[in-house]
Amino acid sequence: MTRPDLLARLDAARVEREQAGLLRRARVCDVLPDGRRRVGDRVLVDFCGNDYLGLAAHPDVVSALTRAASTEGVGSGAAHLVSGHRGAHAALEEELADWTGRERALLFSTGVMANLGALQALLGAGASPARHKALCVQDRLNHASLIDGAMLAGAELRRYPHADAAGAARQLDARPDLPALVATDGVFSMDGDVAPLRDLATVCRHRGAMLYVDDAHGLGVRGPGGAGSVAAAGLGTRDVPILMGTLGKAVGCAGAFLAGDARWIEGIVQFARTHVYTTAMPAALAAATQAAVRLVRTDPEGRRERLAANIARFRVGAAQLGLTLSTSATAIQPLPMSSPVAAVSAATALEAAGFLVVAIRPPTVPPQGSRLRITLSAAHTAAQIDALLDALARMPRPVEGAVV
């Protein structure tokens, strides 16, 4: 008997994806001033990045990075629990805890690693054949890392219809015998809509379940002081014991964190393998991130207000063109396309007109959910937004009623 070949199987899967028009490829996008990117021999205006407040190149942030790098060097050299935890890391964790109104924060290298580690610790710690496994109830449109985290933890995973708190309640009621966690995005990364956090908090409170919120796309742009979707909903640590936020989107840097009461965070420190067994982010990056967080909190240049104005300008212009958008009031504005091929063709047409907009296709979105994911930033000018709308007006129209 000949053992099946892994490489042959991988090649076949890749070919199948290519034939379906779903192959992904990275391109070099060099940064230029004013939100532009050099892609090959073209200069494009970026309408697909997540630098929502335009802080990635802010002089204060760049200066903090270079100052810290001159003394700390580049790499941290070890995991946080070995010798990699520096003063800059501790100061950033304190700043993040204060910003989100929680006792303690814990740094991770990426949002994916934060979700994997948190769910592994919360759902998997202490599990054994003699103890019940845990239940994890999730929104159907959650980020992939939340789904993967529950599966890797060995939890019983149940999904509820998008943004349906009653559906979450039904899934919890189906397994009242298990310890339970409900996980949701705060702002959904592909649709731009906001989770019904208050309703979910009520469902969890009445059923003894924990609510975990991934606020990667809400932190910095929603709530008082940009503290995020949980703060915008008027909820605190009793409602949402653990909050995850990323530092590479509105904050403009890189990395992620979990924030909560000290008892929760200490447990995660002990059992989150993605924290224990990875090298700490560079201390210079932590220093730059703290400078960025302070800019987000005080917003001396009115960037959140500018972003809100840009979102409104785009949505009004799109409505005037008769374009079908979702109900998103955030920086993420998906424009539905009839198929993966149509999405790629539309992105190519926009690139020819001078705009970088990525086609989003399955499996990132549901089978009929291909779209252009247009993202807005405080750094965009009115002229850039109007020019994008003009380019959209010249494109073939997406099919009405396409799923988003």
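The values are calculated or read from the model by the stated rules, or taken from the named source; none is laboratory data. Quick caveat: nothing in here was measured; it's all calculated off a predicted structure. With ideal geometry, Cβ positions are generated from the backbone for all residues, glycine too; neighbour counts draw on all protein chains shown. Calculation scope for accessible area: heavy atoms of the full protein, side chains included, ligands and nucleic acids excluded. Shrake-Rupley method; radii C 1.70, N 1.55, O 1.52, S 1.80 Å.
Overview of results
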item	result
Under the Karplus curve 6.51 cos²θ - 1.76 cosθ + 1.60, θ = phi - 60°, whole-Hz ³J(HN,Hα) for the stretch 207-215, x wherever Gly or Pro sits	10, x, 9, 9, 9, 10, 10, 8, 10
Extent along principal axes [Cα atoms of the stretch 321-401; Å; largest to smallest]	34, 26, 22
Mean projected area in nm² (Cα convex hull; one quarter of hull surface) for the stretch 130-230	6.4
Mean Cβ neighbour count within 10 Å, used as a protection proxy, ranking 134-143, 170-179 highest first	134-143, 170-179
Dipole in debye (nearest 20) - the stretch 167-309, about Cα centre, beta carbon charges: Lys, Arg +1; Asp, Glu -1	180
Average accessible area per residue (Å²) across the chain - probe 1.4 Å, nucleic acids and ligands excluded	45
With at most 16 other Cβ atoms within 10 Å, longest stretch of the chain clear of loop GluC sites (Glu not before Pro) (DSSP)	104-300
Distance from the stretch 364-396 to the stretch 66-129 (C-alpha centre basis), Å	35
Computed helical MRE - 222 nm, the chain, DSSP H runs ≥ 4 contributing -39500 (n - 2.57), nearest 500	-12500 deg cm²/dmol
For the stretch 183-239: rounded, prolate or oblate by the Cα gyration tensor [a/c cutoff 1.5]	oblate
Compactness of the stretch 187-279 as Cα Rg over 2.2 N^0.38 Å, two decimals	1.11
Distance cut-off 24 Å, percentage of C-alpha pairs in the stretch 1-127 lying past it	60
Where N is the number of residues in the chain, Cα Rg divided by 2.2 N^0.38 Å	1.01
Cβ-placed point charges (K, R +1; D, E -1), dipole of the stretch 98-195 about Cα centre in debye, nearest 20	360
Fraction of accessible area attributable to carbon and sulfur, the stretch 149-293 (%, probe 1.4 Å)	51
